[in-house]
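Participant: Attaching a single structure in structure tokens format; questions to follow.
The values are calculated or read from the model by the stated rules, or taken from the named source; none is laboratory data. The shown structure was predicted, so the numbers you read here are calculated from the model rather than taken from an experiment. Backbone-built Cβ (ideal geometry, glycine too); neighbour counts: all protein chains shown. Areas reflect the complete protein model, heavy atoms only, side chains present, ligands, DNA and RNA absent. Shrake-Rupley method; radii C 1.70, N 1.55, O 1.52, S 1.80 Å.
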Amino acid sequence: VEVSRTGSEPLRVSANQQARNNADAPLTSSVLDADAMTRELMWRQGMIAFEGSSLREAALEFSRYSDTRIEIEDPAVADKTITGLFSANNPAGFARAVALSLNLNTQTEGNTIRLSR
């Protein structure tokens with residue numbers, strides 16, 4: 001597959017590779033091992049898999065699957081890492097599980113869930 005964006009050189013990726021689009025950098029690719037590939041494809045089963053991901057990254061990932069937003073104002077909390085398999089359409093369940101395991105608080109207002117100390 002060839003991936004491109006305006007103002008950037010096209011990038012070719014093949015099986016077991018992943019393309020990354022960072023706004024302030026050129027397109028990049030990386031090779032995924034079998035475990036990483038399995039995690040990346042869990043969306044096919046309605047799941048999201050994290051391994052050593054920051055809460056910031058997880059919150060962004062959940063925003064792809066739900067109108068409910070997870071907000072983390074404290075950078076120290078946002079940098080905490082998690083590992084686990086979660087239902088993509090249940091950000092509230094994810095937030096409760098994270099809060100319980102990391103001794104955090106949750107506060108829900110409309111479509112926003114806040115994680116804090």
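Participant: Would you confirm whether or not the stretch 48-60 contains a residue that is in contact (Cβ under 8 Å) with a residue 40 or more places away in the chain and farther than 19 Å from Val98 by Cα?
Facilitator: Within the stretch 48-60, none of the residues are in contact (Cβ under 8 Å) with a residue 40 or more places away in the chain and farther than 19 Å from Val98 by Cα.
Participant: Every residue in the stretch 46-56 that is in contact with a strand residue (DSSP E or B) (Cβ under 9 Å, 6 or more places away or on another chain) and surrounded by 14 or more Cβ atoms within 10 Å (Cβ to Cβ), please. Quick ask: steps written out before the conclusion?
Facilitator: At the first step, the residues of the stretch 46-56 found to be in contact with a strand residue (DSSP E or B) (Cβ under 9 Å, 6 or more places away or on another chain) are 46-55.
Result: Met47, Ile48, Ala49, Phe50, Ser53, Ser54, Leu55.
Participant: Among residues belonging to the stretch 67-87 that are of a type in the set (Val, Ile, Thr) and under 20 Å from Met47 (Cβ atoms), point out the one that is most open to solvent (accessible area, probe 1.4 Å).
Facilitator: Kept after step one, since they are of a type in the set (Val, Ile, Thr), are these residues of the stretch 67-87: 68, 70, 72, 77, 81-83.
Now narrow it down to the ones that are under 20 Å from Met47 (Cβ atoms): 68, 70, 81-83.
Details: Thr68: 34, Ile70: 20, Thr81: 84, Ile82: 15, Thr83: 100 Å².
So the residue we want is Thr83.
Let's see how each residue does on (1) in contact with a strand residue (DSSP E or B) (Cβ under 6 Å, 6 or more places away or on another chain); (2) open to solvent by 50 Å² or more (accessible area, probe 1.4 Å); (3) assigned to a strand (DSSP E or B); (4) in contact (Cβ under 8 Å) with a residue 40 or more places away in the chain:
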site	(1), (2), (3), (4)
Ser8	no, no, no, no
Ala36	no, no, no, no
Arg39	yes, yes, no, no
Arg44	no, yes, no, no
Phe62	yes, no, no, no
Tyr65	no, yes, no, no
Asn89	no, yes, no, yes
Thr108	no, yes, yes, no
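Participant: Tally up the residues in the stretch 10-34 that are loosely packed, with under 14 Cβ neighbours inside 10 Å, closer than 21 Å to Ile82 by Cβ and in contact with an Asp or Glu (Cβ under 8 Å, 6 or more places away or on another chain), please.
Facilitator: Here the count works out to 1.
Participant: Okay, next question. Select, from Ser66, Ser14, the only residue that is modelled with pLDDT under 95 and over 14 Å from the mean Cα position of the chain (by Cα). Steps first, please.
Facilitator: On the way: Ser66 fails: over 14 Å from the mean Cα position of the chain (by Cα).
So the residue among Ser66, Ser14 that is modelled with pLDDT under 95 and over 14 Å from the mean Cα position of the chain (by Cα) is Ser14.
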